[in-house]
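> Sharing a structure, written as structure tokens. Questions coming.
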Amino acid sequence: MANLPLRFHAFYYICSMDQPGISDILNWHSQYKEPTLFGRRIIFDMIAPILKNLPNSFYIEQIGGSFNKIPIYKVSIGNGKTKVLLWSQMHGNESTGTKAMFDLFQFFTDTHKHSEIVHTILKECTLVFIPLLNPDGAEAYTRKSVQGIDLNRDAVALEAPESKLLNTVLKEFNPQFCFNLHDQRTIFSVGDDKLPATISFLAPSVDEARTITAGRKITMSVITAMNAVLQKMIPNQIGRYTDEFYPTATGDNFQKAGHNTILIEAGHYKDDYNREEVRKYNFIALLAGLQHVSDGKFDEYKPYFDIPNNEKHYLDIIYKNVLLADTDQKVDVGVIFKEELVDGKIIFKPIVEHIGKLSNYNANSYIDKEGEVVENEEQLQEMIEN
Ligand SMILES: [Zn+2]
């Protein structure tokens, strides 16, 4: 394989699950990155021209519209026996999965079909993608739909038109596998070193007892395969979400109905506030997951439980040695960013989250204030805004 172009090395690495050439794979993703999508806020107007220009190996169909009548499309490719449904951005401000999806479309275009991994996936699977399920929420940069409905808690009531569309596609297509793509906040950490949870997974429960059903074992085996690939690239930055049963959640209900549903949460990577680094890992996770689904061997599920739990021990900034005038004590001040949409741009607004000894936390950045005196809350706010 020494004479193959760089990108084929990457296929080989993923296929064989050997120690991957990390820099190769990262270089290689940038070749297929959809160039028109960037940053945190991805809205329908950005994806519409890409959908229009996809090659005719893709089948594009409008399945309906959002509450505000923004179109919602499905994109199909492949003609294998294993049916897989993937959707993104059911939470409007969680766009990393959408970016990864369009990178995957680039990767699946005709010119690359001769690569082994693409050939295998499209031969074994029929893939249906619904990018940007909540376009109204994306416009407003909100988690919920414009009606104030959390689409990920609307699987039973089906109050929102967007939930109905997803449900209709699910019923008509009847997939064996689903990929439910989300973003998680920066606060999530993994392990004793409290590294950011760059990617987290969940095989949703089907009952309160969190029974490990045959279907969940299959879901867990797909996650096990994705985790194995990612651990080589971002060791100890992969977490496992709580499998507490949510009776109205999409994943829990889809899994219960026999569609093995993999939840992927794209999270923080150091300094990656545009979520462009994690976009790569999301893409690679999808590719590894689809490859595993194509292989059709689902025995190995137990390593799923070795993935450490997601915890909340990560902050955006920790200010060290702030002297609080009223107590005459030096403390740490932990800050998180709240994202706000202002004139079409995302602003990261700093908020004080914790004050005290924050040795149990890690942060994206540390600033030593060397005993700077803070007289009151106003001054504290001023300090973190500068
Ligand atoms: Zn979400």
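The values are calculated or read from the model by the stated rules, or taken from the named source; none is laboratory data. Small disclaimer: the values here were computed from a predicted structure and weren't measured. A quick note on method: Cβ atoms are made from the backbone with ideal geometry, for glycine too, and the neighbour counts reach across all protein chains shown. The accessibility values were calculated without ligands, DNA or RNA, using every heavy atom of the protein model including side chains. Shrake-Rupley method; radii C 1.70, N 1.55, O 1.52, S 1.80 Å.
> Report the full-extension gain for the segment Ile63 to Ala257: residue separation times 0.36 nm, less the Cα-Cα distance, to one decimal in nm.
Between Ile63 and Ala257, full extension yields 67.6 nm more.
> Counting only helical runs of four or more DSSP H residues, what would the 222 nm mean residue ellipticity of the chain come to if each run contributes -39,500 (n - 2.57) and the total is spread over all its residues?
Only helices count here, giving -10000 deg cm²/dmol.
> Tell me, what is the percent relative contact order of segment 315-385, built from C-alpha pairs under 8 Å that lie six or more residues apart?
Here the relative contact order equals 40 percent.
> Between helix 161-173 and the chain, what is the angle of the helix's C-alpha long axis to the longest principal axis, kept within 0 to 90° and rounded to the nearest 10?
40 degrees
> Let me ask something else. For Lys81, go through the lysines and keep the ones whose alpha-carbon is under 22 Å away, minus same-chain ones fewer than eight residues off.
Lys113, Lys123, Lys171, Lys217, Lys256, Lys297
> Tell me, what is the per residue accessible area of the chain in Å², probe radius 1.4 Å?
43 Å²
> Mind giving me the FRET efficiency for Asn56 and Asp207? R0 is 51 Å, r the Cβ-Cβ distance, nearest 0.05 is fine.
That gives a FRET efficiency of 0.70.
> Taking 25 Å as R0, compute the FRET efficiency from the Cβ-Cβ separation of Arg185 and Thr248 and round it to 0.05.
Between Arg185 and Thr248 the formula returns 0.75.
> Hey, another quick one. Mind pulling the angle between the C-alpha long axis of helix 44-53 and the longest principal axis of the chain? Nearest 10 degrees, somewhere in 0 to 90.
Between helix and principal axis, roughly 30 degrees.
> Checking the cross-link filter: which lysines have an alpha carbon closer than 17 Å to that of Lys320, excluding same-chain neighbours under 8 positions apart?
Partners found: Lys330, Lys357, Lys369.
> Using a 1.4 Å probe on the protein chains only, how many percent of the accessible area of the chain belongs to carbon and sulfur?
C and S fraction of accessible area: 48 percent.
> Continuing with the same structure: Give me the one-decimal nm value for the distance between modelled label points at Asp193 and Gln147, 7 Å along each residue's Cα-to-Cβ direction.
Output for this residue pair reads 4.6 nm.
> Is the shape of the chain best called rounded, prolate or oblate, per the rule: a/c under 1.5 gives rounded, else a/b larger than b/c gives prolate, else oblate, with a ≥ b ≥ c the square roots of the Cα gyration tensor eigenvalues?
Since a/c reaches 1.5 and a/b is larger than b/c, the shape of the chain is classed as prolate.
> What whole number of Å gives the distance from the Cα centroid of segment 67-113 to the Cα centroid of segment 235-275?
17 Å
> If the cut-off is a Cα-Cα distance under 29 Å, which lysines reach Lys345, setting aside same-chain residues fewer than 8 apart in sequence?
Lys33, Lys52, Lys69, Lys74, Lys99, Lys144, Lys270, Lys280, Lys312
> Here is a further query. For Tyr366, what accessible area in Å² do you get when you roll a 1.4 Å probe over the heavy atoms of the protein chains, rounding to the nearest 10?
Roughly 110 Å² of Tyr366 is accessible to a 1.4 Å probe.
> When DSSP beta bridges are limited to those with both residues in the chain, what percentage is antiparallel, rounded to the nearest 5?
Of all bridge pairs located within the chain, approximately 50 percent are antiparallel.
> Name the long-range amide H neighbours of Lys312: under 5 Å, sequence gap of 5 or more, or other chain; modelled H, no Pro or chain starts.
Ser189
> Working out 0.36 nm times the residue gap between Gln381 and Asn274, then minus their Cα-Cα distance, what length gain in nm do you get to one decimal?
So the chain would gain 36.1 nm between Gln381 and Asn274.
> Next question, about the same structure. Does anyone have the angle between helix 214-231 and the longest principal axis of the chain? Alpha-carbon axes, 0 to 90°, nearest 10?
60 degrees
> Return the FRET efficiency for the residue pair Asp368, Glu340: r is the Cβ-Cβ distance, R0 is 22 Å, and the value is rounded to the nearest 0.05.
About 0.20, to the nearest 0.05.
> Continuing with the same structure: Over the chain, what is the relative contact order in percent, taking alpha-carbon pairs closer than 8 angstrom and at least six residues apart?
16 percent
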